[in-house]
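Structure first, commentary second.
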Amino acid sequence: MRDGHSAREGELEAAERRIRDIPRCGAVKIAGMEESFRELLLAVGEDPEREGLVRTPHRAARAFEFLTNGYRQSLDQVVNGAIFDSEASEIVLVKDIELYSMCEHHLLPFIGRAHVAYIPNGKVIGLSKVARIVDVFARRLQIQENLTMQIADALMKTLQPGGVAVVIEAKHLCMMMRGVEKQNSVMKTSCLLGSFKEDARTRSEFLSLLNS
């Protein structure tokens, strides 16, 4: 494997490792979130002591801890030195990276795919690290426009490549479950840096690869 962990690692061991690696909020903050969720249940007219809800504040607090773990990760930690010398000079594109984020306006999820491309400038990054960079910014309270730019800026800072292009397509539950309740709308955002922004031929090649 070019980066990551041994191919001999079993699925169970990998799952346990990923769980261990989730950055924790700490007991005090978890307790505070639990109390907030309990108050929320009371505010909507529920009984937090009934059987189905007794453990809900704890479960919800742990869920939010996971869904916002990007706040407790740094770019250097995520990349973890997985940058390698390379003579490659053409577009590197990673398509269809699943992403799950939370709308900062309504605290409802938006779900979609990220497509990330860069032009190497003597260095390439481990394949899984591209997906991890997406996750470190997606696992925060976000709007899609900012998320797209943050991913592009992070890759530009990390690799200093000839250019970076990021496209995100996502469905927003804040628009599907409430408000206008439009079920089939998809939001697309892009951020083009370096050659992708400045050179029409490079941009055209990227769009051709994206749509192939």
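So here's what we get for this one:
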| read-out | value |
| --- | --- |
| Criterion (in the same structural domain as Leu192 (by TED's automatic domain parsing), over 11 Å from the mean Cα position of the chain (by Cα) and either over 17 Å from Pro161 (Cβ atoms) or at pLDDT 95 or above (or both)) met by exactly one of Leu147, Leu99, Leu108, Leu53 | Leu108 |
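Residue by residue, here is whether (1) more than 30 Å from Arg72 (Cα to Cα); (2) of a type outside the set (Ser, Thr, Tyr); (3) out of contact with any helix residue (DSSP H, G or I) (no Cβ under 8 Å at 6 or more places or on another chain) holds:
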| position | (1), (2), (3) |
| --- | --- |
| Arg139 | no, yes, no |
| Met156 | no, yes, yes |
| Gly163 | no, yes, no |
| Val167 | no, yes, no |
| Lys171 | no, yes, yes |
| Ser185 | yes, no, no |
| Lys188 | no, yes, yes |
| Leu193 | no, yes, no |
| Leu210 | yes, yes, yes |
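The values are calculated or read from the model by the stated rules, or taken from the named source; none is laboratory data. This one's a predicted model, so the numbers in the text were calculated from it and none came from an experiment. Here the Cβ is made from the backbone with ideal geometry for all residues, glycine too, and neighbour counts use every protein chain on show.
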